[in-house]
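This report concerns only the one structure given below.
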Amino acid sequence: MSKKRPASEYQKTFAFRFFRWLSGSKDPYLGEVEMHPQKEFRADPEAALRHEKEHDAILDKVYNPERNMEMKLFHKLYHATSIIFCLFLIALLLVTISWLPASGTIERPANNEVAERYIEKGLEETGAVNIVAGMILDYRAFDTLGESHVLFTATITVLILLRLNKTEKDEAELSDRRFEPKNDAILQLVATFLVPVIIIFGIYIILNGHLGPGGGFSGGAVIGAGLVLYLNAFGFKKTERFFTEKTYKWVCFFSLSFYCLAKSYSFYTGANQLHSVIPKGTPGAILSSGLILPLNIAVGLVVACTIYAFYAMFRKGGF
Amino acid sequence: MTAFQIILMGLLIICAVSVSFSKNLLNAILIYMSFSLVMSMLWICLESPDLAITEAAVGAGITSVLFFVTLKKIHAIEGTEPSKKEEPKDE
Amino acid sequence: MNFICNFPFFSILLSLFSGTICSVLPAKATKVVNRMVIVAVGVMSAILLLYLLSTGEPFIYWMGHFPAPWGNEIRAGVLEAGMALFFCIIMYLSMAGGAHKLYGEVVESKHSLYYILVNLLLSSLLALVYTNDMFTAYVFVEINTISACGLIMIRQVGRTIEAAVRYMIMSLLGSGLLLFGLCIMYDLTGHLLMSNIRESVALLVATGEYQIPLIVSVALMCIGLCIKSALFPFHSWLPDAYGYSTVSSAAILSSLVSKGYIFLLIKIIYRVIGFDIFNNTRIIDVLFVFGLMGMIFGSMSAIQENDVRRMIAFSSVAQIGYIYMGFGMGTQAGMVASVFHILSHAATKSLLFIAAIGLTDVSGGSRKLTDLTGAAYRSKWAGVAFMAGSFSMVGIPLFSGFISKLLFSQAAVQVEGKMLASLIVLGISTVLNAIYFMKTVIRIYTPSEESACPCITFKDRKGYTIVLICFVVLNVILGVSSQPVVNMIEQGLAMFA
Amino acid sequence: MGPNLLANYGEAVSAVLFCIGFTNLLLQTNLIKKIIGLNIMDSAIYLFLAEKGYIAGRAAPIVVDGVTSAEAYINPIPSGLVLTGIVVSVSVTALMLSLTIRLYTRYHTLDLDEISTQLKKEGR
């Protein structure tokens, strides 16, 4: 058995020195390496300033596109590979198109029983004379439901980006209000005649969505364009009388929720084979084709308000 | 009918190429407006009037108006003085 | 038609409709509505999952009065219901975990807009999971892209807007290519519904006509979805988008949004083209090679990063490389490993993002790794959660990362051509993962005295700590009792076609 | 090269337009030009899709005085899809333009590379 050794003798053994070094309590360099005493650091202002200037100069040199070789090389490389990739894509697409069935001919896979049924039974099943409107709002209504929500999402993101909160709004409003209304007589005269015609034409397109070409989207866009023309001619004060953020919010809410509820009713009744009580009406009459007319009106309102909201957001960051 | 379509498609390609090489932003947007007008004419030749109305109202109308408002906001059009407004530095 | 069969339709419509309702409600109410909708959709998906496990075969739900090729339809199976349930759990925990930071970083008036976007994102994810129609999938991919872009830029700081622009440009390129591939597929088959397309594609492959356009259309769709889910060569937008956005949107983006596109790719492989036809095309080798390169280069650039959240973002580039390696193997086991990795990566990545924000809060808000030393002592729960997340990422047993690495290696062994490459790269990428994750764990656990930052205990942030605990528990459950989950995935994939 | 490249001249033009838009989106440094390139790319895809539905010698799919036989009208599905697509392009363009405005007010430039160099400088 190893007898206990006195502390002083143990300190000289190799094991003690090794474990002391391992635990880091004794710094092996202390005293061995010749070190002159450290000077106390006094930061003089102009040296710091000089460092700062040099630092910025280096930064500008590094990030200066003209002199930075690596950035220039990267740009050339990027342009070259992009052009080659796009030429390759053109060649690939042209080769695929050459193998596709000839367009405009009759015997092609696309003209199968799906298209035939839309045309033959479209009138009696959806009641819409315009088969495309019938297909969008009745056969494949789920796409168009998603579609109006794409527009709604885009409005939300534009609201997030461009809507100024209270403080900035007054300052921005001042800058935009200074220019209006420019009261140039030509625009106002033209607008007084043109805006009513545009809005009536837009309403006509929406109401006849299921009878002739057009429908919710195009009618709404036409009405939106008319509102934008009115805003440009007569300035924000006039339009804010009837179109503020509250009207926008509630119009969008009512039409989108009507759209959602009407479509979920028809999906639910369809999926569970229940008879839906919506009448098809006589084809050709305005009040025909079941839900398509009210849906067109709802989509038209949403699109018109959205387009006016985009313009007002871009112009003034608010309503 | 196909001759007319070929002319329209030629116009489309000319507009698309000239947009990418035009220096002035305003010209680019005017050429883009003509591009979408030619496109809505092409829809009519392809027997789909729904698309023609929508493309005309939305492509030439709304998109171009939004482009012009953006240019005005970005002071790219001469004569509108750029107001220097410094936002606080972010982290 | 059992009443439970309406649940997929109810969950999609509920989240869409709640997005519309929140636009008129005051800010406080929108937060409550958002939480309730996520819980309701989660409960419905759980009941649907139990019902489907009991019946054992998927069902078709007509969206409208007309049968398949004419009207639209939803199809719900075990895999879809399981994914919907898992997405709801992750989304609820991410929203709860990041809620306290939302008040700090986002302007008060834009909170309700943020919750509307989260609702719409949930509805687009559910629609991507359930839909059986290609063009509906494209429309909801667009909703997904725009609301994800809104989630990135909610913080209104110069960096997030530049990240949002880069994200939008790359995503729009991706959806342009996806739509182009879709149009060619429509021209060849005349159908838009996935099951009908598969029959026509099988017919086309049998007769051997239109071979070139078929392969090009599949390739375009795959490239479009790879760009959108940030596979290796197209991942340049990912670190900025995830690194600088608010916490809950970073967690949701990294775990849910890119997974929605990958799930659509699985649908295209199984239901639009057919698993064996897809294997004969050489596309899976391209996916395999891109996956391997993603695993290595993603981890390499994560090692050089000194911002903790950009490092985690680069590690998700590597993990997406894992998933595409699983697709590239071309066997059923490879697909099961990829789907399990989707679940384990979603759970681990959002845990890491939310734990990282806890660490940066206590180290003076700076995200530099050098300032994080000793952060785990100041906020104990965030340190433990970050360590658990790193262990799962590295693949230490008891955590879900280990199970997915195990499944990948089991799948790799059965593929004789690709076994060597995938096992070697699996090893290399695990080592690279260990380097940058363990470096961070060691750094947050080295004691540092002089920092004057506050210590955050359990009482200061109850909700946040409970969320961290739930995430760690979820991770451990996935790691320990993974066999039922794997069986469920196999059963789901079997009935998926 | 397949047999009917000349027969499909419409699709060939739309493929060329798609690649011009694709190049603009990748190569242009100015953000506004990128957005115009994006719009050109989307319109090209919709032209490609609408060419699919066109059948020579048939009328637009609006039932005229009761004739509902399939030989009289063109295929309605592509025009329905393109109608949805046009609205998607409008909403995406509005979003990208508002992003451009916010970037300009913050960095006073439209060039993405300049913005990222300013970001790198600020990032110190």
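All of the numbers you see were taken from the coordinates with simple rules; none came from a lab. Since the model is a prediction, treat every value here as computed from it, not as a measurement. Heads up, the Cβs are rebuilt from the backbone with ideal geometry, glycines too, and the neighbour counts pull from every protein chain shown.
Per residue of A:256-265, other chain Cβ atoms within 10 Å of the residue Cβ number 3 on average. The lysines within cross-link reach of residue A:72, meaning a Cα-to-Cα straight distance under 29 Å and a gap of 8 or more places when in the same chain, are A:53, A:61, B:23, B:89, C:228, D:33, D:34, D:120, D:121. As a calculated quantity, the FRET efficiency between residue A:80 and residue A:39 at R0 = 60 Å, using C-beta atoms, amounts to about 0.65. Rounded to the nearest 10 degrees, the angle from helix C:27-55 to the longest Cα principal axis of chain C is 50 degrees.
With neighbours defined as other Cβ atoms within 10 Å of a residue's Cβ, the residues A:36, C:191 order from fewest to most as A:36, C:191. Can you bin segment A:129-316 into rounded, prolate or oblate? Criterion: square roots of the alpha carbon gyration tensor eigenvalues sorted a ≥ b ≥ c, rounded for a/c under 1.5, prolate for a/b above b/c, oblate for the rest. Oblate, since a/c reaches 1.5 and b/c is not below a/b. Look at the alpha carbon pairs under 8 Å that are at least 6 residues apart: their mean separation over the length of segment A:129-316 gives a relative contact order of 33 percent.
Normalised Debye scattering of chain A at q = 0.10, 0.13, 0.15 Å⁻¹ gives log10 I(q)/I(0) of -0.88, -1.12, -1.18, counting only Cα atoms as equal scatterers and leaving out solvent. In the protein assembly as shown, helical runs assigned H by DSSP with n ≥ 4 each contribute -39500 (n - 2.57); averaged across all residues and rounded to the nearest 500, the mean residue ellipticity at 222 nm is -24000 deg cm²/dmol. Remark: segment C:283-497 carries a charge dipole of roughly 400 debye about the Cα centre, counting +1 on each Lys and Arg Cβ and -1 on each Asp and Glu Cβ.
Relative to the Cα centre, the charge distribution of segment D:9-122, modelled as +1 at Lys and Arg Cβ and -1 at Asp and Glu Cβ, gives a dipole magnitude of about 400 debye. What the Kirkwood sum gives for the protein assembly as shown is a hydrodynamic radius of 30.3 Å, with every pair of different alpha carbons counted.
Across peptide C:70-78, the average count of Cβ atoms from other chains found within 10 Å of a residue's Cβ is 4. Just check segment A:82-154 against the gyration tensor rule for me: Cα atoms, a ≥ b ≥ c as the square roots of the eigenvalues, rounded for a/c under 1.5, and otherwise prolate or oblate depending on whether a/b exceeds b/c. Oblate shape, in that a/c is at least 1.5 and b/c is the bigger or equal ratio.
Strictly greater than 15 Å: what percent of every Cα pair in segment B:2-73 meets that? Tail of the P(r) past 15 Å holds 55 percent of the pairs.
Partner lysines whose Cα lies under 24 Å from the Cα of residue A:249, excluding those fewer than 8 positions away in the same chain, are identified as A:166, A:169, A:237, A:238, A:263, A:316, C:28, C:31, C:110. Relative to the dominant Cα principal axis of chain C, helix C:400-414 is inclined by about 40°. Given axes a ≥ b ≥ c from the Cα gyration tensor, I'd like to know whether segment C:240-323 is rounded (a/c under 1.5), prolate (a/b larger than b/c) or oblate. Oblate. Relative to the compact globular guide of 2.2 N^0.38 Å, what is the alpha carbon radius of gyration of chain C, as a ratio? Dividing the Cα radius of gyration by 2.2 N^0.38 Å gives 0.93.
In this structure, residue A:3 and residue C:366 have a Cβ-Cβ separation that, at R0 = 56 Å, corresponds to a calculated FRET efficiency of about 0.45. If you take the charge dipole of segment C:283-497 about its Cα centre, with +1 on Lys and Arg Cβ and -1 on Asp and Glu Cβ, which of C:467, C:313, C:343 is farthest toward its positive end? It is C:467, whose Cα lies furthest towards the positive end.
The relative contact order of segment B:2-73, computed from alpha carbon pairs under 8 Å that lie at least 6 residues apart in sequence, is 28 percent.
For chain C, excluding the exposed loop sites themselves (trypsin sites (Lys or Arg not before Pro), DSSP loop, at most 16 other Cβ atoms within 10 Å), the longest remaining stretch covers C:1-281. Taking every alpha-carbon pair under 8 Å whose residues sit at least 6 apart, chain C reaches a relative contact order of 15 percent. Among residues other than residue C:381 with Cβ under 14 Å from its Cβ, the summed charge is +3 (Lys and Arg +1, Asp and Glu -1). Peptide A:219-227 is shielded by partner chain Cβ atoms: per residue, an average of 4 of them sit within 10 Å of its Cβ. For the protein assembly as shown, the dipole from Cβ point charges (+1 on Lys and Arg, -1 on Asp and Glu) about the Cα centre works out to 3100 debye, to the nearest 20. Taking 0.36 nm per residue of sequence separation and removing the Cα-Cα distance, the residue C:306/residue C:29 pair yields an extension gain of 95.8 nm. Axis angle, to the nearest 10 degrees, between helix A:113-126 and the longest C-alpha principal axis of chain A: 60 degrees. Farthest towards the positive end of the charge dipole of the protein assembly as shown, among the residues D:78, A:7, B:57, is the Cα of A:7, using unit charges on the Cβ of Lys, Arg, Asp and Glu.
Spin-label pair residue A:113-residue C:495: with each label point 7 Å from Cα along the Cα-Cβ axis, the two points sit 2.7 nm from one another.
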